[in-house]
Structure formats: structure tokens, C-alpha cells
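Chemist: Pasting in a structure now, in C-alpha cells, and then I'll have a few things to ask.
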Amino acid sequence: MPSKRLNESNVRTLPCPPGKSRILYFDLTKIAPPGFGLRITATAHEKGEGRWTGRSYVLKFYVKGSGTRGLIVLGDVGDLAIDEARRRADEKSRLAADGRDPRFVDATSKSRTVPAICQDYISAVSATAAPATVDGYRRLLLHVEKAHELRAPIGMIEDTHVSALLARLGNEKGHYLANRVFALISASLRWARGTRKSRKKLRPPTAGQKIPRNPCAEMTAPFNEEKREQSLSDDEIVRLWRALDTQPASVAAYVRVLILAGLRRNETCCLRWSDYNKPERLLVVPGEFRKGGRAHVVFLAPLAVDVLETIGPGDAEAHVFGEAAARFRGNESRLMRRIRRATEVRDKENPRKVLMPAVEFRLHDLRRTCATGCARTGADETMVSRILGHAVFAKTLPVTMQYVQHKYAVEHRAALERWAAHIEGLLGIERQESQVVVGAFGGRK
């Protein structure tokens, strides 16, 4: 191969000899790394404004310890200054000297793995997302970190590697988990690529966190999910309520509050005793723990107050459902299996004989059960939306919500009390009516 002292002038004038399809001129400049040169093809021509096609800076390399040899294109003449091309070539040469193939790895983004990119994305989201959301992302990250399919640098990852991981998770852990893992990977790669669009302003990736391409750009969720619409019947509510007597007090209280108040399980785990107002009989869920970042006031029926009294009140900064919250967040599936098993009806003479199978439910079904029960006992769709703490209430225009200042506290409390009274009737609980006094939050005293 011929050699020349390359500069900004001759890289545009050096010819490709007649009869050859291409030629490579190695750079003799002392500051150039070994293997750096200029490749010229027979069809090289100027595209305009000093930019060329067919004239490219390249680097021939040898990966130490592996025996691998190759050539990598650094950029075209005109698109890249020769000094910058030498700098890039030096960077690639150092990687090859360290035993890494520079075609797949560079000093910044391509050496990073998918789990590392997901971790950076979670850190960026943490500033604006609810703690429960971030906690969910971190649990999903565990599956990404354990995936042998994604151990290579991002430059070597293809959509087939991600598809193989999702297929395996779908078979082993279920379609729902596989779709959630895909959502995390896809959002992380779009963020690192700079193509993620979000209503929330996320911290953009740094130069070292950016990636040159997104292997999941053309992928969609791998599995179709059936919309879950299950809510517990009256008989199932009674069986579950009574089965909770066999569980620890904090676990029983946690599940019963979900039935009575319709809260999300993650925001319920974060409640502290300072959020409980016993005189007004209400709970205030801080916005930092909720989806959307809005605080939510939960009015408690007398039955819900009785449930909380079985475990507290405790110290102001202590979690209301401390033990139960830790157990549900640590190993929810095992605890749920234990609760479901307790709802079985067995023959007293032969305990091994199951007369009635267990109540099959998930914790989010209890939120749906509360909403359904409030509707059955007289609450309209708008009030059910308020009870659930949704951002937009049913049959209400968002612009209207900005003008209506009435909080419907009395109606909200009344709807939950009717639902609680219905459950008391199912359980055979008799409660004496006391004098009703409306408090500052629409509460009874």
C-alpha cells in the first residue's frame, strides 16, 4: 500500500490509479496512529461544498490477544476534518490494543450495555416520577440485568436479542411481565437515542449516555394482553374478609383498607400515620407517592376507622402498614398465595376435602371491587372517578374542572360510607348511629 503525508489539501486530490477499484494511502504523519489512512474509490466525486463521496478516512487494526484484523471507516472527506479523523483513529487503536474490537465498541456509548442504559433512564425519571413508579422500574431492571441475551455492548445488540429475551420471559414469567420489561427497555433506548417524547420534562442524556442507534426502534409489545375486568362478588368479599382473620393484623388491615377505600396498592404501602387524620376520619395520600403527582384525600367510613384502630395509631413518621407493606413489596406473590389459600372452604370432618375453591383475585381487583360497589350503592360515574382519584373525572371536561372549586367532600364520604355499610350488612355487623356533625373536610364527628 502506498504511503503519503496526508493533509487537508491532498486528501481531496490524491488519485485512484487507472484499472483499480480502490486504493488506500497510509498516513506517514508522526501524530497519526498506525493503520490510519485515506481510502479512495474509482467512483469518488465531490458532492458539493467541499464534501466528497468515495474518499474516506479509515483505520486498519489488529485486536490484541484475539487475532482479529479488520478495517473501520471513520468518516468522509469534507464531513470530517483530518485532525478529528486522526483523533478518532487514535481512540479506536487504543481499544484494539486493549483487546476490544473497535467496530463494536467505542470509548463512550457503544461500550455500554442495555442494563446500564436502563439504569441511567431510571435515574433520569426519578426526578419527576412517583416513587412507586421508580420502584416498579427497578424491579423490572432485575430481569434485564439477569438476561444473558443482553450482555453484549449496545453496538452488538439487535432486535433479535431483545425478542429472544421477551419470548423467554413470556414463557417463564407471563406475558404481562414480558410486556412491562419491553416497555422499560424501549423507553430507555428511545431516551438515550434522543427520540423519546414525553409530557414530563426528563433530563436529557449526557454525551456519554447517548447511543448511535436504537435496536428496538421498529419493535412493538410482543404479547397481546386481555383487559382484566374482575371484581369480587358479595360472597367472595365475605370469604376474603373472614379469611383475613388468620393473617397478621397489618396484612389484614392492608387488604381491608384496599376493599373499603379503593386505593392503589403502591400508594397504600407508602402511607404514614402523619397522613391519618382521626378526628376528621380521613387519609391524605401525598402527591409524591401517587401517579400524576396529585395529593388525594380519602374519606374513611366507620368500618375503615375500626380497621386502622386494630394496628395503630403509631409514630407520626412510621408507615401505617409497615410490616405488611414490606412483605407485599418484598414477595407479594407468596403472600397472595397464602391469602387465597385461606379463602378455601374445607370440610370440617375432612380438612383435605375442598368444598369451595379459593377466591382467585389480585390486589388491583380490590380497587375495581370498591369502584363497582360504590356504583352499586348509588354513586354516579363522576363520583366513582373522584373516589379513585383519577386525574380526569368521568363525564367532566378538563376545562370545567378548572372552574369548579367544590370538592364534593360530603358526597365522597357518603358514597364510601354506603359501600362500607353494605359490607357491614354482609358480615352481620351492627353499628349504632351516632350524632352527625359535618367537619371541615365534610367529615362526621
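The values are calculated or read from the model by the stated rules, or taken from the named source; none is laboratory data. For clarity, every value in this text was computed on a predicted model and none was experimentally measured. Because the Cβ atoms are built from the backbone with ideal geometry, glycine has one as well, and the counts that use them run over all protein chains shown.
Chemist: For region 53-65, name all the residues that are touching a His at 6+ places or on another chain (Cβ under 7 Å) and either within 12 Å of Ile23 (Cα to Cα) or touching a residue at least 40 places away in the same chain (Cβ under 8 Å) (or both).
Modeler: Initial filter on region 53-65 (touching a His at 6+ places or on another chain (Cβ under 7 Å)): 53-54.
Passing the criteria: only Gly54.
Chemist: Sticking with this structure for a sec: Check Gly65 against each of (1) modelled with pLDDT of 85 or more; (2) surrounded by fewer than 16 Cβ atoms within 10 Å (Cβ to Cβ) and name the one condition it does not meet.
Modeler: (1)
Chemist: Taking the options Leu150, Leu202, Leu184, name whichever one is out of contact with any Ser or Thr (no Cβ under 9 Å at 6 or more places or on another chain) and under 23 Å from Val134 (Cα atoms).
Modeler: On the way: Leu150 fails: out of contact with any Ser or Thr (no Cβ under 9 Å at 6 or more places or on another chain); Leu202 fails: out of contact with any Ser or Thr (no Cβ under 9 Å at 6 or more places or on another chain).
The match here is Leu184.
Chemist: Hey, another quick one. Pick out the one residue from Arg338, Arg346 that is surrounded by fewer than 18 Cβ atoms within 10 Å (Cβ to Cβ), under 22 Å from Arg228 (Cβ atoms) and of a type outside the set (S, T, N, Q). So that I can check it myself, show each step before the final result.
Modeler: On the way: Arg346 fails: under 22 Å from Arg228 (Cβ atoms).
Residue meeting the stated conditions: Arg338.
Chemist: Taking the residues in region 198-222 that are aliphatic (A, V, I, L, M) and modelled with pLDDT under 85 as candidates, determine which candidate is surrounded by the most Cβ atoms within 10 Å (Cβ to Cβ).
Modeler: Taking region 198-222 first, the residues aliphatic (A, V, I, L, M) are 202, 207, 211, 217, 219, 221.
Still in the list and also modelled with pLDDT under 85: 202, 207.
Working: Leu202: 16, Ala207: 7.
Among them, the one singled out is Leu202.
Chemist: Given the conditions (1) crowded, with 19+ Cβ neighbours inside 10 Å; (2) within 28 Å of Cys270 (Cα to Cα); (3) of a type in the set (Val, Ile, Thr), which single one is not true for Ile154?
Modeler: Going through (1) crowded, with 19+ Cβ neighbours inside 10 Å; (2) within 28 Å of Cys270 (Cα to Cα); (3) of a type in the set (Val, Ile, Thr) one by one, Ile154 breaks only (2).
Chemist: Among (1) touching a strand residue (DSSP E or B) at 6+ places or on another chain (Cβ under 6 Å); (2) more than 16 Å from Pro131 (Cα to Cα), which single condition is Val285 missing?
Modeler: Of (1) touching a strand residue (DSSP E or B) at 6+ places or on another chain (Cβ under 6 Å); (2) more than 16 Å from Pro131 (Cα to Cα), only one is false for Val285: (2).
Chemist: Taking only pairs six or more apart or across chains, which ones have beta-carbon atoms under 7 Å, a first residue in region 153-173 that is in the same structural domain as Ala116 (by TED's automatic domain parsing) and farther than 20 Å from Ala187 by Cβ, and a second residue that is of a type in the set (Asp, Glu) and at pLDDT 95 or above?
Modeler: Taking only residues 6 or more apart or on different chains, not a single pair turns up.
Chemist: Filter the helices (runs of 4 or more DSSP H) completely within region 376-445 down to those with at least 2 residues that are more than 16 Å from Val305 (Cβ to Cβ), of a type outside the set (Ser, Thr, Tyr) and at pLDDT 85 or above.
Modeler: Numbers: elements: 381-388, 398-401, 409-427.
Here the list reads 381-388, 409-427.
Chemist: Further question on the same structure: Applying the selection to region 223-248, what residues are under 30 Å from Leu426 (Cα atoms) and either surrounded by 15 or more Cβ atoms within 10 Å (Cβ to Cβ) or within 19 Å of the chain's Cα centre (by Cα) (or both)? Give the steps one after another, and end with the answer.
Modeler: Going residue by residue through region 223-248, those that are under 30 Å from Leu426 (Cα atoms) are 227-248.
Within region 223-248, Ser231, Leu232, Glu236, Ile237, Val238, Arg239, Leu240, Trp241, Ala243, Leu244, Gln247 meet the criteria.
Chemist: Looking only at residues that are among the charged types (D, E, K, R) and modelled with pLDDT of 85 or more in region 223-243, which one is nearest to Gly155 (Cα to Cα)?
Modeler: Just the residues of region 223-243 that are among the charged types (D, E, K, R), to begin with: 225-229, 234-236, 239, 242.
Checking which are modelled with pLDDT of 85 or more leaves us with 234-236, 239, 242.
On the way: Asp234: 56, Asp235: 56, Glu236: 53, Arg239: 55, Arg242: 56 Å.
Looking at residues that are among the charged types (D, E, K, R) and modelled with pLDDT of 85 or more, I get Glu236.
Chemist: With respect to Glu317, determine if the residue is farther than 21 Å from Pro248 by Cβ and modelled with pLDDT under 80.
Modeler: Details: farther than 21 Å from Pro248 by Cβ: yes; modelled with pLDDT under 80: no.
For Glu317, the condition - farther than 21 Å from Pro248 by Cβ and modelled with pLDDT under 80 - is not met.
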